[in-house]
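What follows draws every value from the coordinates through simple rules; no lab data is involved. The model shown is predicted, which means the values in this text are computed figures rather than measured ones. Neighbour counts run over all protein chains shown; Cβ positions are idealised from the backbone, glycine included.
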Amino acid sequence: MHPSHALVQGRQQVTLDTPLMRTLSTLNSTTVPKPIVGTVLPKDESREFMAVFPDIVRDLTDAGRHTDIPEANKWFAKVLQYNVPTGKKYRGFALVYSYKQLVQPEQLTPENLRLAYIMGWCVEMLQAHFLVEDDIIDQSEIRRGKPCWYKYNNLGLAAINDGLLLESGVYHLLRLYFRNMPYYLHTLELFLQVTQKTILGQHLDIHSTDLNGRPKFDKFTMDRYNSIVKYKTAFYSCYLPVALAMQMVSGELSLTLEDICSSGNINDDYLDCFGESEITGKLGSKDIEAGKCSWLAIVALQRVTPKQRALFEQCYGYKDPVKVAAVKELYEQLGLPATYATYEEESYNLISTQIQQISRGLPHQIFFKFLDTIYRREG
């Protein structure tokens, strides 16, 4: 294996091609005491993280860069402010939390902590890039309680370029702040590899429907769903933040994060259908309207009668509110809310057991914090 393929440095190298623990397909009834649920960062540290963002905007739009095109710089600032800091920032917070858990106390200086904040914002910018492009592909209406960026002032497909601006900003920040660090090259490669993995996952998601946007129900399998979650979501949402923290301090990375992220994605699927729009910041059910290969749809197809399947295929993948309501009613008839509640409880116990068994030297609390951010989440 070429050393440039390594995610982290240490006695055991873990790569993006290392086989992952399989997504939860069996449940364990072993009860493990639940850790205290809390935010990834305390409020004061969250404020410190947020306080760095204006500097990020200035670094990307001022500081003597592209002075001959002030209009573009001003627009880039607007793109950043609209799309990057308004989410939950789980990924950025997770990176900072992981870094603080892993670094030696004498190395936790204000300067190093600021670098961790900046690296966290790089992850948040990559997330924003993916979301801008994803909303265009899915023709979504609402993101984080406001119009999707491509809907802002009817931007339309011009927003594709803004998504690319966000991605390019990641690499400018990395060069600006980390080019003299020993982990710089590995960090660049990690961002590039994770981006490629996410694009491949997006391909699987997109091609679960045909060119007319109709669902390919023969592709609605749990194996395909697991692959979509792993590639489109898990690598950049769960793997990347901790891997980057590891890069900054050197160490080993457990793969338990992949199971945690899978559980979180199933939670997203459930909330997309049954969550309160005031909390989720979304209107309707994007997964039903777009004909997504979702956990709910797959489980439903495993349970339906021939008559129910015919109804499902007639209604799934349409924006018609009547058809969306019919799919939701079918989910209720099939007992999917109760199935999800059982899954959530038992998967929490299983993952908690796995965390307790980790012997790779990483603090267990890193993994419990990840788990707590998605367990019984409402939005």
Which residues' amide hydrogens lie under 5 Å from the amide hydrogen of Thr209, considering only partners 5 or more residues apart or on another chain, with H built in the peptide plane?
-> Lys216
Report the charge-dipole magnitude of region 179-228 in Debye, nearest 20, computed about the Cα centre from +1 at each Lys and Arg Cβ and -1 at each Asp and Glu Cβ.
-> 60
Gyration tensor verdict on region 47-158 (Cα atoms; rounded if a/c is under 1.5, prolate if a/b is larger than b/c, oblate otherwise) | oblate
Residue separation times 0.36 nm, minus the C-alpha to C-alpha distance between Ala338 and Arg179: what's the value?
-> 52.2 nm
Theoretical gain in end-to-end length, Gln314 to Asp62 [0.36 nm per residue, Cα-Cα removed] | 85.4 nm
Report, in debye and to the nearest 20, how large the dipole of region 48-148 comes out about its Cα centre when Lys and Arg carry +1 and Asp and Glu carry -1 on their Cβ.
-> 280
Please name which of Asn180, Gln193, Ile160 has its Cα lying farthest along the dipole of region 110-195 towards the positive end, using unit charges on Cβ (Lys, Arg +1; Asp, Glu -1) and the Cα centre as origin.
-> Asn180
Could you please report the charge total around Val132, scoring K, R as +1 and D, E as -1 over all other residues with beta-carbon less than 9 angstrom from its beta-carbon?
-> -3
For the residue pair Arg303 and Glu276, what label-to-label distance in nm results when each label sits 7 Å from Cα along the Cα-to-beta-carbon direction?
-> 2.4
How much net charge surrounds Gly87 when only other residues with a Cβ under 10 Å from its Cβ are counted (Lys, Arg +1; Asp, Glu -1)?
-> +4
Distance (nanometres) between label positions extended 7 Å along Cα→Cβ at Gln81 and Tyr171 | 2.7
Surrounding net charge for Ile199, when Lys and Arg each add one and Asp and Glu each subtract one, Cβ distance under 13 Å | -2
Quick one: Karplus J couplings for region 223-233, per residue in order, coefficients 6.51, -1.76, 1.60, θ = phi - 60°, nearest Hz, x for Gly and Pro?
-> 4, 5, 4, 4, 5, 4, 4, 4, 7, 6, 10
Whole-Hz ³J(HN,Hα) from phi, Karplus 6.51 cos²θ - 1.76 cosθ + 1.60, for region 341-352, glycine and proline x = 4, 5, 4, 4, 5, 6, 5, 4, 4, 5, 5, 4
Once amide H atoms are built 1.01 Å from N in the peptide plane, which residues 5 or more positions from Ile142, or in another chain, come under 5 Å H to H?
-> Cys148, Leu283
For Lys88 and Lys43 in the same chain, what is the full-extension length gain: residue separation times 0.36 nm, less their Cα-Cα distance, in nm?
-> 14.9 nm
